[in-house]
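Here the structure comes first, spelled out in structure tokens, and everything after it is commentary.
The values are calculated or read from the model by the stated rules, or taken from the named source; none is laboratory data. On a predicted model such as this, the values are computed, not experimentally measured, just so you know. Glycine gets a Cβ as well: all are built from the backbone with ideal geometry, and neighbour counts include every protein chain shown.
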Amino acid sequence: MNRILIIGANAAGLSSAVNARKEDPKSKITIISKEPYNPYRRPAIPSIITGEISGLEEATIFPPDYLHQRGIDFIPGVEVVRFDLGSKSAETKNIKSNETKKIEYDSLVFCTGGYPMIPKMKGTDKKGVCTFTTYDNTMEIVNIARPGLSAVVVGAGFVGLEIAEALMKKGLKVYFNVRSRILRRLLEPDFSDYLNGCFEQEGLKMLTGEAIIEIGGNDKVEHVVMRGEKIETSLVIFGTGVKPNVDIARNAGIKLGESGAIKVDGRMQTSGKDVYSAGDCAESLDLLTGQYTYSPVGSIAALAGRLAGVNAAGGNQQTHGFMRCQVDKLLGQQIISIGHSSTTAKEINLEIKIRDLNELQKLTLSRKYPVKIKIITDTADRIVGAQVITKKYGSQYSYELRNAILENKSFNEFIKEWKPPLEKVVGFIRDKKEASLVGKDIKDIGLVKY
């Protein structure tokens, strides 16, 4: 019987386990998690802060018996101390009791995720300085956040902005601090500036262009210092990115990539025999360039985890690469970022052109729901990225642009074929039968106004 050991009950780890079971119904699958809870959805954290979700029971990924019914052993509250790749064994320690145990395996999957980066500055040890990557971190925020208090959220990404919006809903005065600009890796500078203005209008106090340099107070947070001025606050929440959690893997002799994350191949196999990795601890293959990059995004983690699990169970599947596609709704704005931006392209020496569809007058700017769209192309005019800001129809824009990239379309091909979503749309007419049902002619197949 094949024994598969998976470290981490996150998106990558759970995807590995479920797909390993599909590949091999008879294998013994074990998931180890350092957290003492049943697996839960990290995207639910903002809703826990607002109180829209009352606790972990409403945030779980699976029903309580889901893993057990599939013959997957889940061991919470346990960390791995060390691995011996030669003997294929792991030494584990119970967080509460300190009891150690040896677990033997045939295949191993590292899904150890990432850990939050907290900038080095005075005052980060005070009560009220928080992160939000775990449930325990989140409850620290919940226990302090009260209507009428102030909070400073430090970060540049989607999740930090989601936390800021959640605190605003809870009745706090919220400042958002970013050293450079918001969503720097996802959007072009003018799109960041546009959102700055939108968020300010909604009541989020934007502190951009310089980072806070100190957190003041006695035992707990009382203020932060920025540009020589004190801003009173009771909470400082860091969402300044994650670093791959690779210490255990590195100590076991697993090779790391240039990014500092675990190096893998197209099967998600590491340098170790029968050892795989996926998620925020591992690199992944970029579909658009064929380069291995570090992209800590949940959707990529789940897809990479599926591959790792299948191959750990004896399969032989390989990816041609993953493409980042991130969509969020923040303070009334639907924000979409697919593939590469100018920032990520520069990091991998990819030469690009930025095409603004608004400037090309492809969009009707006087419409009820204005939209901003940029398309990123390489030097051969092939689309390698897209960005959208709109208040409505975001999913339709996302669908069209994502498909254009996956179909390897050039910018000119896309422009000739594409029509912006109409303001009143029921859906797509796919064939002659559907056209007749709504009184349309066969020529109306596609996205139409009913």
Extreme residue, surrounded by the most Cβ atoms within 10 Å (Cβ to Cβ), among residues of region 168-201 that are without any contact (Cβ under 8 Å) to a residue 24 or more places away in the chain and closer than 20 Å to Glu347 by Cα: Ser192
Output the residues belonging to region 202-220 that are on the phi > 0 side of the Ramachandran plot and either surrounded by 13 or more Cβ atoms within 10 Å (Cβ to Cβ) or touching a residue at least 40 places away in the same chain (Cβ under 8 Å) (or both). Gly217
Just a yes or no: is a residue in region 267-275 modelled with pLDDT of 95 or more and within 28 Å of Thr390 (Cβ to Cβ)? no
Considering residues of region 109-120 that are at pLDDT below 95 and in a loop (DSSP other than H, G, I, E, B) only, the residue farthest from Ile300 (Cα to Cα): Lys120
Just the residues that are part of a strand (DSSP E or B) and either surrounded by fewer than 16 Cβ atoms within 10 Å (Cβ to Cβ) or touching a residue at least 40 places away in the same chain (Cβ under 8 Å) (or both), please, taken from region 246-299. Ile262, Gln269, Val275, Tyr276, Ser277, Ala282, Asp286, Thr293
Selection count, region 147-167, where residues are outside any strand (DSSP E or B) and in contact (Cβ under 8 Å) with a residue 40 or more places away in the chain: 13
Scanning region 7-33 for residues that are over 23 Å from the mean Cα position of the chain (by Cα) and polar (S, T, N, Q) gives Ser27, Thr30
Taking region 23-35 and keeping only residues that are part of a loop (DSSP other than H, G, I, E, B) and surrounded by 13 or more Cβ atoms within 10 Å (Cβ to Cβ), one is left with Asp24, Ser27, Ser33, Lys34, Glu35
Hey, any hits in region 141-148 for a residue that's modelled with pLDDT of 95 or more, out of contact with any strand residue (DSSP E or B) (no Cβ under 6 Å at 6 or more places or on another chain) and within 26 Å of Leu303 (Cβ to Cβ)? no
